[in-house]
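Peer 1: Quick one: this structure, given as structure tokens, is what I'll be asking you about.
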Amino acid sequence: MFAAEDFAEFYRGHRRTVWRFVRRRVDADGACAEVFELAYRKLDPSHPNPAGWLILTATHILQATARRRRRDAQALRDHAILHTPADWQDPRLEQLAEAWQRLPHRHQQVLQLLIWDQLSAADAAVVLRCSEQSVWKRASRARQALRDVWPTDTDDTSKGGRSWDTIPTP
């Protein structure tokens, strides 16, 4: 259990990461409060990957919220990315939204954690309950799956990649 002073520092260091993760899914302030309440009561201060533990806890809270409210799987989508404002339509974003919907959930999940939530591979591994190496493999497969369903004119097949391919490699 945390000492009050230590927990205040821990909270300041991780609140933004957790809030960024949950804001796309539910009321971020309420969910974050619940996550940190559980962290205060249950998280060992010496945990090697506290951000991963927090995100995993946030995932469980989100799942419980979804069950209570009978939300379907689409409630977990990132509406800010998939739905562009009417006054700014970019056909590439529409193509990306369509391609994103065709990706399997496992590919969406790893890309969301690494790119949108900006988690490290170690923290994503805690959330996904796998090794860090598996996160990198999943990310590679997810990027390839996205390439397969979203061909763009920025493809550089001679170098085996694209200009939008921003997930760092280990």
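Peer 1: Out of everything in the range 16-31 that is within 15 Å of the chain's Cα centre (by Cα), assigned to a helix (DSSP H, G or I) and of a type outside the set (Gly, Ala, Ser), what residue ends up being surrounded by the most Cβ atoms within 10 Å (Cβ to Cβ)?
Peer 2: Across the range 16-31, the extreme among qualifying residues is 21.
Peer 1: If you don't mind, another one. Which is open to solvent by less than 40 Å² (accessible area, probe 1.4 Å) and either in a helix (DSSP H, G or I) or modelled with pLDDT under 85 (or both), of 81, 167?
Peer 2: Sole residue among the options that is open to solvent by less than 40 Å² (accessible area, probe 1.4 Å) and either in a helix (DSSP H, G or I) or modelled with pLDDT under 85 (or both): 167.
The values are calculated or read from the model by the stated rules, or taken from the named source; none is laboratory data. This structure is a prediction, so every number in the text was calculated from the model and none was measured. Quick reminder, even Gly has a Cβ in these numbers, built from the backbone with ideal geometry, and neighbours come from all protein chains shown. Surface accessibility is based on the protein's heavy atoms, side chains included, excluding ligands, DNA and RNA. Shrake-Rupley method; radii C 1.70, N 1.55, O 1.52, S 1.80 Å.
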